[in-house]
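In what follows, a single structure is set out as structure tokens and then discussed.
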Amino acid sequence: MIDADVIVGLEVHCQLDTKSKLFCGCSTDYRDDGPNTHVCPICLGLPGTMPALNKRAIEYAMKVAKALNCTIVPESEFSRKNYFYPDLDKAYQITQYDKPLAQGGYVEIEGDDGKERKIQLTRIHVEEDPGRLVHMGNAERGRYSLVDYNRAGIPLIEIVSEPDMRSPKEARKFLNKLRATLEYLGVFDSEKEGSLRVDANISLRGNERVEVKNITSYKGVEKALTFEVTRQKNLIRRGLPVERETRHYLEARGITQSARSKETENDYRYFPEPDLRPLRVQSWVKDIALPELPDARRERFVTQYSCSLNHARTLTGELKMANFFEGVVSGDRAGLCSLAATWIADTLAGELNYRNMGIDCVDPHRFGSLLAILRAGTITDKSGVEVLRVMLDEQLKGETVETPEAIVARLNLAKTAGDDGALAAAVKEVISENPKAIEDYKAGKNGAINFLVGQVMKKTRGRADPGELNRLVVAALKDGGQ
Ligand SMILES: Nc1ncnc2c1ncn2[C@@H]1O[C@H](COP(=O)(O)OP(=O)(O)OP(=O)(O)O)[C@@H](O)[C@H]1O
Ligand SMILES: [Mg+2]
Ligand SMILES: [Mg+2]
């Protein structure tokens, strides 16, 4: 079975980064505070309290809707979704049901075939986040659960996509694009724990769909879906049916597991929220202003800085990386654009990822100095990577970060000049140590050159200019290996 048969649709819950909660004045910034310290009678749902809608939350939701090309509905409504579970002690969640804030729209991604693809959206609605349960013990033998209502009442939007994605990888790209857009809009903090949670729906064409609930990481979505593709294909291969069910993703084990049905049965009863009026936004829509969004910035990076499409895509895929790039090439460093694009998108991104560091740890000016010495030909690319690693490791250990120039001097990384004799001596040495390679070269095996160049590189610890070294080796060989 080929992957064209995979069908994926996502429901994405994003926390809106407002100062106060959706229906009360409690602060949303509870990160360093103890459980149940950011609560009041409204978000605790005590009898007799009245919700008052946070205007900023609706403004943010409208920004997202506009940025994602949705139709904002002139009049939407809030409903109560009734369910009995201790994450909401009032036993219902205020959400939007049959009259959501926005409909339609799309997210453009680079499809698996390399072409731009539009993933259609069904709707975006606004709702309150429930509280957080902490289960003590384990899944099989829970001893008891603790509940923290600090999160209860934080504004969320749920973005529901059509079943338009064709692979787990496309789902990941969809989420990355969504995150970038929300960050550019300044309505979302992706670094806050639990700020984005996904229900991933997946089926193989002609079979029932499975919903994997509440996945909290981007990587997790791709992994859970990949696991499901294999599981469902195996069932079908063995002639067994795929059951329509809800599953959980077990992050630590990378697998999904059937949720016991009584926990998740969808027998919610919705009815209109009597304490909130219909939400009329028609006269407001035109005033919602949008900043430059990822696609526009990507195009600008291509035209203004002559970035390749791939580099522009990587650089603009995260707001901080895009800002970092523009920080590096600002002022008198405009000439470093193409070097900066390559070094940030290809090298720095990987080195940061490896160390689990964010790009905001790096000083764009310092990084620019490194690029400047690379461009001046003071050091080789290989030494450049070494310098970068030293800088990042110093940063990671909380040590004083040296300037690139200081590291080059301390580690003696300046390029070995061809005319100082050292390089020529190294070439000579390597050639006399490797008679077999000389024979190979004479027998017409050009691969021998690369081998010898590699050996000299090793001797000079990567400080030799590869082009120059190549010329020296070839010349020495032509001289008859003397
Ligand atoms: N055949 C299918 N294969 C994979 N995904 C599908 C398929 N059909 C629908 N979907 C996706 O399932 C999701 C349905 O979400 P929706 O919120 O409308 O309903 P729900 O999951 O029944 O309700 P709830 O919000 O309670 O989870 C959408 O993202 C949609 O794209
Ligand atoms: Mg849903
Ligand atoms: Mg669902």
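Counting beta carbons within 10 Å around each of 39, 329 and listing the fewest first gives the order 39, 329.
Mean sequence separation of contacting Cα pairs (under 8 Å, at least six apart), scaled by the length of the chain, corresponds to a relative contact order of 13 percent. Once both labels are positioned 7 Å from their Cα atoms along Cα-to-Cβ, the gap between residue 275 and residue 244 label points is 3.5 nm.
The rule of thumb for compact globular proteins, 2.2 N^0.38 Å, goes into the C-alpha radius of gyration of the stretch 421-480 0.99 times.
May I ask you to compute the full-extension gain from residue 347 to residue 71, defined as 0.36 nm times their residue separation minus their alpha-carbon distance, rounded to one decimal in nm?
95.3 nm
When you have a sec, figure out the Kirkwood radius of the chain from all distinct Cα pair distances and drop it here in Å to one decimal?
Roughly 26.4 Å, rounded to one decimal.
Size descriptors for the stretch 325-461 (Cα atoms only): Rg and Dmax, in that order, 18.3, 55 Å.
Long hydrophobic helices in the chain, taken as whole DSSP H segments with a C-alpha length of 27 Å or more on their own axis and mean Kyte-Doolittle hydropathy at least -1.0: 218-237. Per Stokes-Einstein, at 37 °C and 0.692 mPa s, what whole-number D in µm² s⁻¹ belongs to the stretch 264-320, with the Kirkwood radius over Cα pairs as the hydrodynamic radius? It comes out at roughly 209 µm²/s.
Count Lys and Arg as plus one, Asp and Glu as minus one, and take only other residues whose Cβ is under 9 Å from that of residue 13; the net charge is then -4. Of all DSSP-defined beta bridges confined to the chain, some 90% are antiparallel rather than parallel.
Of the trypsin sites (Lys or Arg not before Pro) found in the stretch 164-245, the ones in coil according to DSSP and having at most 15 other Cβ atoms within 10 Å of their Cβ are 192, 205, 238, 244. Sites listed here are trypsin sites (Lys or Arg not before Pro) in the stretch 437-482 whose DSSP assignment is loop and whose Cβ has at most 15 other Cβ atoms within 10 Å: 445, 461. Annotation for the stretch 116-164: GluC sites (Glu not before Pro) lying in DSSP loop with at most 15 further Cβ atoms inside 10 Å of their Cβ are 140.
Could you work out [θ]222 nm for the chain from helices alone, using -39500 (n - 2.57) per DSSP H run of at least four and dividing by all its residues? Round to the nearest 500 deg cm²/dmol.
Calculated from helices alone, the mean residue ellipticity at 222 nm is -11500 deg cm²/dmol.
Would you compute the Debye intensity of the stretch 104-228 from its alpha-carbon atoms alone, equal scatterers and no solvent, and pass along log10 I(q)/I(0) at q = 0.10, 0.21 Å⁻¹ to two decimals? Evaluating at q = 0.10, 0.21 Å⁻¹ gives log10 I(q)/I(0) of -0.38, -1.38.
Each value in this text was obtained by applying a stated rule to the coordinates, not by laboratory testing. None of the values given here were measured: they were computed from a predicted structure. Note: ideal-geometry Cβ built from the backbone for every residue, glycine included; neighbour counts use all protein chains shown.
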